[in-house]
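In what follows, a single structure is set out as structure tokens and then discussed.
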Amino acid sequence: MLLHALAGGLVYGCYFALLGLGLNLVFGVMRIVNLAHGDLIMLGAMAAYFLYHLAGLSPLWAAPLVAGGFFLLALPLYAALLPRLLAAREAEMLSFTLFFGLQQIIEALAAIAFGPSERSLPARSLAAGPIVLLGQSVPKSWAFSALVAVIAIGLFYLSLHHTRLGLFTRAVMASPEEAAASGIDLSRISAIAFGLGVALAGLAGVFAPFMLGSVTPAMGASLNLVAFATVVVGSLGAPLGTIFGGLVYGVGLLLMQTYFSTWADLLPDLLLIAILLFRPSGLLGRRLRVA
Amino acid sequence: MTSPEPPAAPPLLEVRGLVKRFGGFRALDGVSFTLRAGEILGLVGPNGSGKTTTLNVISGLYAPEAGEVRFAGRPLRGLSPRARVHRGINRTFQSPRPFASLSVRENVRLAARFGGRDAAPERIEALLERLGLARWAARPAAELNTGQQKRLDLARALATRPRLLLVDEIAAGLNPAELESMAELLAALAAGGTALLVVEHLLGFLGRLTERVIVMNAGREIFEGRLAEASRDAEVVRVFLGEAARR
Amino acid sequence: MLLFDPTGTGAAFFSKDNPYIVLLADPVSSVWPRYLWEFVLNEGPKLGLKRIALLYATNDFTGTQANALRTALKAPGSPVEIVFDEGVPTSTSNYTVLIDNIAAANPDLVIELGYTGNDIAFLRNLQDSGQKFKAVFALYPGIETNVLMKNVDKSGLAGIFTYVTALGLDLKPEAGLSLAELREAYEKAYGNTGVEFGWNAIAGHVTGIVITEALAHADTLAQEDLRKAVFSLSGKLKTLDGTFELREDGAQIGELTPIGQFDAEGNLRVVYPPELANAKPVIGQT
């Protein structure tokens, strides 16, 4: 049972790393909290649902399409909302209000447009049946989702550490003021980071119907909590710490289900409280914010 | 160590009658001097006398209320700090602020790009080697000690290939060995033709670099000449050496 | 003031000293699983179902059912044994480890009681996990059959036991619409809103009928009179849900839900109680 929880948790955790990655990127670059992140994941799931059921598109094809489409859709959203927010004195606090409002709007509109019923994609649209990993059997569709997550995270890592844009992005994350003084175009980097954050949410959404059984318009808020937990556990503002946070969450959840199943959904809250008490900067992180 | 150039060569930097006020406080009150290529000029004076403000005006962080800064014969008025870096002026900071989570190498690369200079890997590596940072090149800047941070700050400035380097209290916090190598480094820069304007409290360190100093007090120059003679100037003794002696 | 409670079935809502609530459209949770425990106790041993695993979501609806089941299955002289008994949060969407842990307890029958999302995740994970059990009971396939069919597919529902609600029984009501009429009216009204026709749609309809009848029989709109009017319907009103019957504390105990099993084509057949059954339970590899 322990082995299964560990193996399943690692697979599950890869996906949750993807779930939190975009949120942390946006926080890292702009120091704002996108409370609508979970709802963007939900929209990604809905997009995958309709692409499959209306256009017969496999989730593996839908994934790049949704990610690219979300990136492009995020840019006007950025232009409409973010510059004014970032110019505000208390941008971090105000971002809670702004994105909470956005979250409510998305959820309400989605409920009206899609209805509250559960939706999902059949496992065979990705891969049906089990697969043996580390001697443990896990659903193949999970392994596929985790694999896509690993690839996406890998590409993200490479571009962050081996491209000029990535270097600029990390410079902005390290110190926006100094980056601006160094001639880096803050608003361009921020817009790209926001677009990528939304694209990663969309990508995570495509695989949500497999990882979460089914999706509904109301799922966003609870996904936010999980994404936030993986982000804070890893390290707020350090996107790569999120990978670690995702794995901790995945393994932790399955261990909780094995040994304290009734209390399993307390896990994100427990992780958050524990981190805030003992390692406010995250398990891997240095202190990135003063406030 | 300073090698005076033929008087016919125009000065690289001309500072004339700079005035800078912060509210009612006159941080600079008519500062003027010139600096030639390859020359090192020391700027000394008690805290608040206007030394760093002078560097900030030249590097473009502050706009002066009056006066003029000309570089290579052209006025700098209205140019952003970045544009001045592109012209060939760069600086180090009293408290370096590298990108803490970026590696030493990446910090230098960013600076080179900022200066519009090529960030060819071999040039970056050569610079890291010269500044004694090669061993730490892949480490995050946050892990460097004070001396290394100062050298990184200097490396970032040098990555832009400045013709004029403004150096702000680079000796503070360095141990004797570090002081020695830093003095050699700066002297070598000047020997290579770079003009250096050096704000410094440690007169022993400054003395190893140059003889020519300006002593400032309350935003004005009260002495310009040889460092050794400054100690015989009555006003300098009163406002500055008295303070220095207490150290 | 009288609270017409359409489908809030938690046993704790109802007590003798609380005359302010009546449950209208489905039985109280502690009564819901009556046929289930009868089926397990009476038929289980014959079918080779002796080791029971109980997995439930810890909300009022499913938690109360689990408690009632546990009590019944553990009664002295019970021929079955509970070998796994865990509650999970209703937010649970990942059942693979739980399924694995259940398999480790080697049960014959797995009873999984969750909400729609739980049952979808459980049945999908069960299908993808490769684990097989002799028999599996899940709660929602019989309640929101359309939603489950769309999400789990008939391949995932084949062989699954569940409650048979009015959806699968097609009773002849004395008041209100027949199942076909209601389904048609519902599709016409809500067909494109994304809310699937299911047992909850029937419950809403039945709620309306009970209130209509109660108002027709009430002398005044005062609480006592309304309550008396609702109680006057008890045992008499026959709707699509079955016979409406109230306990004195206001809990509904009629409208029972038989036990059914999906066949390979996705049809739900009643297998218990015998007087309603139209098929025999098939025990195999679910």
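The values are calculated or read from the model by the stated rules, or taken from the named source; none is laboratory data. Quick caveat: nothing in here was measured; it's all calculated off a predicted structure. Because the Cβ atoms are built from the backbone with ideal geometry, glycine has one as well, and the counts that use them run over all protein chains shown. For accessibility, only protein heavy atoms count, side chains too; no ligands or nucleic acids. Shrake-Rupley method; radii C 1.70, N 1.55, O 1.52, S 1.80 Å.
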Discussion item. Restricting to the range C:112-123, and then to whatever is of a type outside the set (D, E) and open to solvent by less than 10 Å² (accessible area, probe 1.4 Å), can you tell me which residue is nearest to the other protein chains (Cβ to nearest Cβ)?
Written reply: C:A121
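Determine which member of the set A:G213, A:G183 is in a loop (DSSP other than H, G, I, E, B) and open to solvent by 20 Å² or more (accessible area, probe 1.4 Å).
Within the list A:G213, A:G183, the selection yields A:G183.
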Item to complete: For residues that are part of a loop (DSSP other than H, G, I, E, B) and out of contact with any Leu (no Cβ under 9 Å at 6 or more places or on another chain), scanning just the range B:99-117, find the one that is farthest from the other protein chains (Cβ to nearest Cβ).
Response: B:R117
Discussion item. Anything in the range A:142-161 that is open to solvent by 60 Å² or more (accessible area, probe 1.4 Å) and within 14 Å of chain B (Cβ to nearest Cβ)? List them, or say none.
Written reply: none
Practice prompt. Among the residues of the range C:78-99, write down those that are over 16 Å from A:S141 (Cα atoms), assigned to a loop (DSSP other than H, G, I, E, B), facing chain A (nearest Cβ under 10 Å) and touching a residue at least 12 places away in the same chain (Cβ under 8 Å).
Written response: C:P89, C:T90, C:T92
Item to complete: Please work out which one of (1) open to solvent by 20 Å² or more (accessible area, probe 1.4 Å); (2) away from every other protein chain (no Cβ under 12 Å) is the condition B:P96 fails and give its number.
Response: (2)
Worksheet, complete the sentence: Scanning the range A:110-135 for residues that are open to solvent by less than 50 Å² (accessible area, probe 1.4 Å) and more than 8 Å from every other protein chain (Cβ to nearest Cβ) gives A:A110, A:A111, A:L121, A:S125, A:L126, A:A127
Worksheet entry | Selection within the range A:162-183 - more than 8 Å from chain B (Cβ to nearest Cβ) and among the polar types (S, T, N, Q) | A:T163, A:T169
Fill in: Pairs with Cβ under 7 Å, 6+ apart, first in the range B:209-227 and aromatic (F, W, Y), second part of a loop (DSSP other than H, G, I, E, B) and open to solvent by 30 Å² or more (accessible area, probe 1.4 Å)
B:F223/B:D233
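Each row is one residue, and each column tells you yes or no for (1) open to solvent by 20 Å² or more (accessible area, probe 1.4 Å); (2) assigned to a strand (DSSP E or B); (3) not β-branched (V, I, T).
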| site | (1), (2), (3) |
| --- | --- |
| A:P209 | no, no, yes |
| A:A218 | yes, no, yes |
| A:L223 | no, no, yes |
| A:A229 | no, no, yes |
| A:V232 | no, no, no |
| A:A238 | yes, no, yes |
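Residues to consider are C:L49, C:L55, C:L36; find the one that is in contact with a strand residue (DSSP E or B) (Cβ under 9 Å, 6 or more places away or on another chain), open to solvent by less than 20 Å² (accessible area, probe 1.4 Å) and either among the hydroxyl-bearing types (S, T, Y) or part of a helix (DSSP H, G or I) (or both). Reasoning before the result, please.
Values: C:L49 fails: either among the hydroxyl-bearing types (S, T, Y) or part of a helix (DSSP H, G or I) (or both); C:L55 fails: either among the hydroxyl-bearing types (S, T, Y) or part of a helix (DSSP H, G or I) (or both).
Matching residue, one of C:L49, C:L55, C:L36: C:L36.
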Practice prompt. Out of the residues in the range C:144-153 that are at the interface with chain A (Cβ under 9 Å from one of its Cβ atoms) and aliphatic (A, V, I, L, M), state the one that is farthest from C:I120 (Cα to Cα).
Written response: C:V147
Response to the item:
Looking across the range B:29-71 at residues that are assigned to a strand (DSSP E or B) and of a type in the set (S, T, Y), the single one that is nearest to the chain's Cα centre (by Cα) is B:T34
Worksheet item: Quick check: is even one residue across the range A:190-197 within 12 Å of chain C (Cβ to nearest Cβ), over 13 Å from the mean Cα position of the chain (by Cα) and aliphatic (A, V, I, L, M)?
Response: no
Discussion item. Take C:A12 and tell me if it is at pLDDT below 95 and open to solvent by 10 Å² or more (accessible area, probe 1.4 Å).
Written reply: yes
Response to the item:
Counting only helices (runs of 4 or more DSSP H) entirely within the range C:177-237, those with at least 2 residues that are more than 14 Å from chain A (Cβ to nearest Cβ), under 17 Å from C:A166 (Cβ atoms) and of a type in the set (V, I, T) are C:199-217
Practice prompt. Give the range B:71-82 a look and list any residue that's of a type outside the set (K, R) and more than 10 Å from chain A (Cβ to nearest Cβ), or say none.
Written response: B:F71, B:A72, B:G73, B:P75, B:L76, B:G78, B:L79
Discussion item. Within the range A:79-100, does at least one residue satisfy the condition of being part of a helix (DSSP H, G or I) and hydroxyl-bearing (S, T, Y)?
Written reply: yes
Response to the item:
Per the filter on the range B:58-85, residues on the phi > 0 side of the Ramachandran plot, in contact with a Ser or Thr (Cβ under 8 Å, 6 or more places away or on another chain) and surrounded by fewer than 21 Cβ atoms within 10 Å (Cβ to Cβ) are B:G67
Fill in: Output for the range C:128-143, where each listed residue is crowded, with 24+ Cβ neighbours inside 10 Å, more than 7 Å from every other protein chain (Cβ to nearest Cβ) and more than 16 Å from C:P33 (Cα to Cα)
C:A135
Practice prompt. Read through the list (1) without any contact (Cβ under 8 Å) to a residue 12 or more places away in the chain; (2) surrounded by 18 or more Cβ atoms within 10 Å (Cβ to Cβ), then give the number of the only condition that A:Q103 fails.
Written response: (1)
Fill in: Members of the range A:126-152 that are closer than 23 Å to A:G220 by Cβ and in a helix (DSSP H, G or I)
A:S141, A:W142, A:S145, A:A146, A:V148, A:A149, A:A152
